[in-house]
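Working notes, structure below.
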Amino acid sequence: MKIAFFTDTFYPDINGVARTLKRFTDYLSSQNIEVKVFAPDGENMDEYISANIHRFKSLSFFLYPECRLALPNLFNMKRELTEFQPDLIHVATPFNLGLCGVFFAKKLNIPLVGSYHTNFDHYLEYYDLQFFSKMVWKYMNWFHRPFRKLFVPSLDTEEQLTVQGFHNLEIWSRGVDCELYHPYYDKYAVRQKYNIRSKYLLVYVGRLAPEKNVDTLLEIADDLPPHLKENSHWLIVGDGPSRSEMEKAAPSNMTFTGFLKGKELANIYTAGDLFVFPSTTETFGNVVLESLASGTPVIAANAGGVKNIIKHGSTGTLCTPGSAVEFADSIISLLYDDKYRYQMGTNARNYALTQKWDTIFNTLLDHYSDVIKERAAEKYA
């Protein structure tokens with residue numbers, strides 16, 4: 001089997017789409033399945049160079065800088081595809097390179113599938129662009145219409161797209177690396193590094209941008225009672241357009257680390273007493289699953305794909321979206337009940353251990369095989 005991927009973001013970009021695709025393409029290679037990735041260039045490209053990846057010059061996309069608008073050379077792209085002769089094209093994003101994937105699938109008569117990763121429609125309201133909503137959905141429907149299967153990360157996303165008239169939807173969930181993310185790191189190393197002496201540590205990991213509801217995060221910190229503010233510290237992991245404004249408004253017990261990855265990031269999940277995640281726009285929520293794997297309970301908004309991950313009252317708490325008071329009450333309740341919080345952490349780890357990447361990827365490969373067989377049957381009918 002040979003698979004060609006078209007995506008407007010790929011490793012070493014730091015976002016859920018890029019990380020998921022990188023892990024999947026690595027898995028395919030380990031299974032001796034040939035892969036060709038068409039992706040934009042960007043920063044830190046020297047960090048990952050592979051003969052399987054064709055990079056194109058690109059510009060940052062204003063609404064979502066992690067996705068870049070590539071400037072592809074169609075002649076070179078066609079030549080590479082013709083030489084590679086893929087059995088399937090997988091399109092992961094609806095921008096320039098995604099359009100190229102759709103175009104060449106039709107032109108070269110190659111079966112086409114795709115994956116839906118980001119609720120761009122939800123993002124519009126955070127940038128005062130909600131009047132584009134109908135136009136976005138019209139484009140998304142047109143763009144995804146040729147796909148024989150469209151893989152979505154959660155039941156919530158599947159339900160949303162079904163309402164919008166999408167067809168051929170399949171759940172492609174996410175797994176977690178429980179060997180990297182686990183509860184057994186040295187928690188005190190994190191406290192020592194960031195000079196944290198408070199009794200409790202609250203953690204957020206994610207992009208610092210309006211669509212992640214980071215304004216709610218500051219409200220939550222402000223709504224905690226004085227005695228808890230004095231005995232707790234926040235670690236905010238990530239970067240983005242809201243960081244500068246957040247740092248100016250942040251209380252003294254809030255530290256911003258910037259982007260982290262690998263064991264350094266995993267150690268912070270473990271060190272946290274609670275993971276606080278107010279975002280309402282997630283199609284899945286990779287960071288939530290990473291926290292659960294680390295044995296750290298999650299307090300999150302009851303919205304998007306996150307609500308399909310957390311079992312309320314068992315592995316975490318789901319709060320009314322945007323309700324800083326409800327988030328603060330949940331934090332207070334769990335920080336003052338050690339036994340309940342520790343049991344949640346155990347439940348969280350046990351759940352994460354069931355979310356194995358290999359099982360998820362093998363299911364996706366079964367879908368690939370079905371599409372390829374269906375196309376072959378049509379061809380020789």
**Asked** Starting at 0 and stepping by 10 Å, how many percent of the alpha carbon pairs of segment 191-317 end up in each bin?
**Response** 13, 47, 36, 4
**Item:** Share antiparallel - DSSP beta bridges, the chain, percent rounded to 5
**Value:** 10
**Message:** Below 8 Å, C-alpha to C-alpha, sequence gap of six or more: please give me the relative contact order for segment 279-332 in percent.
**Reply:** 34
**Asked** How far, in degrees from 0 to 90, does helix 262-271 lean away from the longest principal axis of the Cα atoms of the chain, to the nearest 10?
**Response** 40
**Prompt:** Using bins 10 angstrom wide from zero, how does P(r) for segment 245-381 break down, in % of all Cα pairs?
**Reply:** 11, 33, 31, 12, 8, 4, 1
**Request:** Compute the relative contact order of segment 214-317 as a whole-number percentage, counting only Cα pairs closer than 8 Å that sit 6 or more residues apart in sequence.
**Result:** 21
**Message:** What distance in nm separates the two pseudo spin-label positions at N109 and W137, each 7 Å out from Cα along the beta-carbon direction?
**Reply:** 3.7
**Share of carbon and sulfur in the accessible heavy-atom surface of the chain [1.4 Å probe, %]** = 51
**Asked** If one computes the Cα centroid of segment 264-332 and of segment 1-24, what distance in Å separates the two points?
**Response** 25
**Item:** Angle in degrees between helix 357-379 and the longest Cα principal axis of the chain, rounded to the nearest 10
**Value:** 20
**Message:** Quick check for you: with a 1.4 Å probe and neighbouring chains kept, what is the accessible area per residue of segment 92-235, in Å²?
**Reply:** 47
**Message:** If packing is taken as the average number of other Cβ atoms within 10 Å across a peptide's residues, how do 82-93, 25-36 rank, most packed first?
**Reply:** 82-93, 25-36
**Prompt:** Between E378 and D26, what length in nm is gained on full extension when 0.36 nm per residue of separation is reduced by their alpha carbon distance?
**Reply:** 123.6 nm
**Complete:** In degrees rounded to 10, the 0-90 angle between helix 214-223 Cα long axis and the longest Cα principal axis of the chain is 10
**Of K263/K307; K199/K356; K2/K78, pairs whose Cα-Cα distance is over 25 Å** = K263/K307; K199/K356
**Asked** What order do you get for 155-163, 309-317 when each peptide is scored by the mean count of other beta carbon atoms within 10 Å, highest first?
**Response** 309-317, 155-163
**Prompt:** Within straight cross-link reach of K187, meaning Cα distance under 18 Å, which aspartates and glutamates are found once same-chain residues fewer than 8 apart are removed?
**Reply:** E179, E264, D273, E290, D338
**Request:** List the relative contact order of the chain as a percent without decimals, with contacts defined as Cα pairs under 8 Å and 6+ residues apart.
**Result:** 14
**Prompt:** In whole Å, what is the distance between the alpha-carbon centres of segment 154-223 and segment 335-381?
**Reply:** 18
**Prompt:** How far apart, in nm, are the 7 Å Cα→Cβ label points at L155 and K187?
**Reply:** 3.2
**Prompt:** What accessible area, in Å² to the nearest ten, does a 1.4 Å probe give for T363?
**Reply:** 70
**When the chain is reduced to its Cα atoms, the Kirkwood hydrodynamic radius in Å** = 21.8
**Prompt:** Who wins for biggest fluctuation among N76, N168, N15 in a Gaussian network model of the chain, springs between alpha carbons below 10 Å?
**Reply:** N76
**Candidate residues K149, K134: accessible-area rank, largest first, probe 1.4 Å** = K134, K149
**Request:** Quote to one decimal, in nm, the extra length available between N350 and Q164 on full extension: 0.36 nm per residue of separation minus the C-alpha distance between them.
**Result:** 63.4 nm
**Message:** I'd like the projected area of segment 299-362, averaged over all directions, using the convex hull of its alpha carbons. Report it in nm² with one decimal.
**Reply:** 4.7
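The values are calculated or read from the model by the stated rules, or taken from the named source; none is laboratory data. What you see is a predicted model, and the numbers here were worked out from it, not measured in a lab. When we count neighbours, we look across all protein chains shown, and the Cβ atoms used for this are built from the backbone with ideal geometry, even at glycine. All accessible areas refer to the heavy atoms of the entire protein, side chains included, with ligands and DNA or RNA removed. Shrake-Rupley method; radii C 1.70, N 1.55, O 1.52, S 1.80 Å.
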